[in-house]
1. Using only Cα atoms, what Kirkwood radius does the chain have, in angstroms?
2. Residue separation times 0.36 nm, minus the C-alpha to C-alpha distance between residue 54 and residue 9: what's the value?
3. Just need the relative contact order of the chain here, percent rounded to a whole number, with Cα pairs under 8 Å and 6+ apart.
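What follows draws every value from the coordinates through simple rules; no lab data is involved. What you see is a predicted model, and the numbers here were worked out from it, not measured in a lab.
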């Protein structure tokens, strides 16, 4: 599923899922880094992000795998 990761004006990481027209803050990053790890959105959705370089500039759209959580 396509997911766009960006930082808002307050420096908070946010994820936008165009297919669902949903934008939520990222409330949890599983592991020491964003890329290649699992994230949890404020609505409970979890995604596995692909491996990217730590210095990848934001915003960036990636192909992430939805794991579980939240409502549809």
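1. With all distinct Cα pairs of the chain included, I get 12.1 Å.
2. Stretched out fully, the residue 54 to residue 9 stretch lengthens by 14.1 nm.
3. Result for the chain is 30 percent.
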